[in-house]
1. Just checking, which of 154, 206, 132, 193 is modelled with pLDDT of 95 or more and not β-branched (Val, Ile, Thr)?
2. Residues that are in contact with a strand residue (DSSP E or B) (Cβ under 9 Å, 6 or more places away or on another chain) and not hydrophobic (A, V, I, L, M, F, W, C): list the strands (runs of 3 or more DSSP E) wholly contained in region 404-459 that include at least 2 such residues.
3. Taking region 368-377 as the region of interest, how many residues are within 23 Å of residue 162 (Cβ to Cβ) and either touching a His at 6+ places or on another chain (Cβ under 6 Å) or in contact (Cβ under 8 Å) with a residue 40 or more places away in the chain (or both)?
4. Residues that are within 30 Å of residue 414 (Cα to Cα) and assigned by TED's automatic domain parsing to the domain that holds residue 321: find the strands (runs of 3 or more DSSP E) completely inside region 507-601 holding 2 or more of those.
5. Which of the residues that make up region 396-427 are of a type in the set (S, T, N, Q) and more than 25 Å from residue 480 (Cβ to Cβ)?
6. Say we look at region 209-258 and pick out the residues that are of a type in the set (Asp, Glu) and at pLDDT below 95; which of these is farthest from residue 117 (Cα to Cα)?
7. Out of the residues in region 373-406 that are closer than 17 Å to residue 149 by Cα and hydroxyl-bearing (Ser, Thr, Tyr), state the one that is surrounded by the fewest Cβ atoms within 10 Å (Cβ to Cβ).
8. What pairs can you find where one residue is in region 509-524 and at negative phi, the other is in a helix (DSSP H, G or I) and hydrophobic (A, V, I, L, M, F, W, C), and their Cβ atoms are less than 6 Å apart, with a gap of 6+ or different chains?
Amino acid sequence: MPQRQVVQMSTSHARYAVCVLGTEIVLDVHRSTPKGAASFEVHATSAVTVHVIHNPVTKPMNTSQWPLDCDIEIVVTIDVTSRAVNDNKVKISYYGWEGNELAVAWLYLTCVDVSLDVDLSRNGRVKSKEKDKAKWTWGPDGQGAVLLVNCDRDSPSSVGMDNSCTEMRTSTDLQDMSVMILRTQGPSAVFADYQLVLHVPESDADKVRVFHAIRRDSRLQYKPVLGPNKLSYVLDHISRGDSTFYVEGLSFPDADFSGLVYFSVSLLEYSPSTPIFTDTVVFRVAPWIMTPNTQQPVEVFVCSIEEGINSNDVFLEGLQVLLRKANCKLTICSEVESRSDRWIQDELEFGYVEAPHKTFPVVFDSPRNRGLRDFAFKKILGPDFGYVTREPPGKNTSSLDSFGNLDVSPPVTVRGKEYPLGRILIGSTLPWASGRRMSKVVRDFLYAQKVQAPLEVYSEWLSVGHLDEFLTFVPANDRKGFRLLLASPNACYKLFKEKQKQGYGDATQLIGLKDVERITIDKLLADEKLKNDNKHAQRCIDWNRDLLKKELGLSEHDIIDIPQLFLLKESRADALFPDMVNMLVLGKHLGIPKPFGPVIGGRCCLEEKVRSLLEPLGLTCTFINDYFSYHVLSGDIHCGTNVRRQPFSFKWWHVVP
């Protein structure tokens, strides 16, 4: 419904008013009715359209005169902006019972156009005359502008993220912002008695900052006009044309912030300051989006640990072989940069943000805060590379706050519901149990992004407690485009029993490792404690299996069981040998922890089994020795590496949460 402005007519003097294109002016003719008047007549200049609104009981006395009935309403609209002040006129003539004219009321109108416009259609262009600008809707047919959190660092002189600075440091920073245009048309003289005020609700002001592009001395300057502690901005000079504003996000969606931010422009009449028109637009702050293993790799990160028995030199050699096959960039963080912290997967997670006009990667820094705690902020944050973190109150964290405990599925459809950006997986305890959980502030942040509907799985049964110890996803060319890999004690026992029946019971697990106790297949199968430990581990994995089938829409054909054994220590499990699901996925190339399984016919039977399961999918398996550099320290290849991947081609605003 169009905005309305009420003007009280007067027979003693003419009235003057300014109206905005597309709005309605309601003429109050009743309070100015002369004594003895019974009817009225309305005449207007050509640009003015008069609407006489009446109920069915009210009948006009003739073709031009209307009875002065209290139910009658006069509404006028103007469909073109004025070329001169007061160039539109409305005349109300009042008539007595005998048809004689008793009095006349005049209204002089100046029509201006005021429009606040954004990229409502999400196509990178700001159009005027769009409808429902204050409404944001999801889906391919939705509308509403998108705003990026300006969390990168384009200026070399900045010490923090760009949005921490109240001034515009570099013009390249404009590319990370969304454009908002205030368009005004009409006679310049009319604005002498009116104000245009740009304003933001107090609840939104700390989530955004707005810069006004002002040309001075042939140069554009960017004046900060709205944001924290700045709720309104009065335009100094109003004239025909466009005023351009640049909007940056300061905060991601979170538990206390829906992500929607509203801006309005109001036309105010001086003395007293009264709004006669308001136009409102809405932005949604772009969410932080994770990328699954099925997205192509861009860059692999790993830490170099040079000293001591747990040096990872051998591992790095094997990793470099894999990356040459995958044709992927490798970034090695020095021991000084990592402060001897090798668990780069646990410290951070790579994702991205996207608007119609710009996409850039954003690293999510975990609250783990060990040796690598400053790495993301100091070494990754930079031009077109953003940063975000969440810290729990009191910095009370557990192992489950590490991001080896965070993953995302490929796109799935579940009971007719589509998740085109996949679903985030968070390792947790059982829903009804107490125990370790990822910090609430981190979980709240992940849930608030909306577009990847988090799912909490059961990982607390593990000593370290990370979900990457028992599951991962690999790409496939058929079915859903991927497979879920689950660690499987049952599959391992089945394999070893087959080898025992074939006469290889004396084949040895963990052969070829210096100073490591070897265990024959016969001994493994006879160990009752180990068997009971793995029955428990299998039950925990099966609980997750059922959950993942239900919540990701999977069947048994979408799941591959990877042989693995676990050992309980104080009721929680550790991998007995290098954990093969804790792998690095680089397109069709997989970097898998070398399991040092029983060698039969010159080949590791565990490696051969995994190859037989994965290579038919078009995948290649490279087994890398991480035993002393990662495995004995309670982690494996995935824990010690991290991958930045290509964003989805699917636009997140097309999601229907």
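1. Details: 154 fails: modelled with pLDDT of 95 or more; 132 fails: modelled with pLDDT of 95 or more; 193 fails: modelled with pLDDT of 95 or more.
Matching residue, one of 154, 206, 132, 193: 206.
2. Numbers: elements: 406-408, 412-414, 417-419, 424-428, 455-458.
In region 404-459, the matching strands (runs of 3 or more DSSP E) lie at 417-419, 424-428, 455-458.
3. Just the residues of region 368-377 that are within 23 Å of residue 162 (Cβ to Cβ), to begin with: 373-377.
Among the residues that remain, those that are also either touching a His at 6+ places or on another chain (Cβ under 6 Å) or in contact (Cβ under 8 Å) with a residue 40 or more places away in the chain (or both) are: 375.
Final tally of qualifying residues: 1.
4. Details: elements: 559-563, 566-569, 572-575, 584-586, 589-593.
Per the criteria, 559-563, 584-586, 589-593.
5. At the first step, the residues of region 396-427 found to be of a type in the set (S, T, N, Q) are 396-399, 402, 405, 409, 413.
Selection gives 396, 397, 398, 399, 402.
6. Initially, region 209-258 is screened for residues of a type in the set (Asp, Glu), giving 217, 236, 242, 248, 254, 256.
Right, trim to at pLDDT below 95 and you get 217, 236, 242.
On the way: 217: 27, 236: 20, 242: 10 Å.
Selected residue: 217.
7. Among them, the one singled out is 389.
8. So the pair list comes out as 521/496.
The values are calculated or read from the model by the stated rules, or taken from the named source; none is laboratory data. Source: prediction; values computed, not measured. Every residue, glycine as well, gets a Cβ built from its backbone with ideal geometry; the counts of neighbours run over all protein chains shown.
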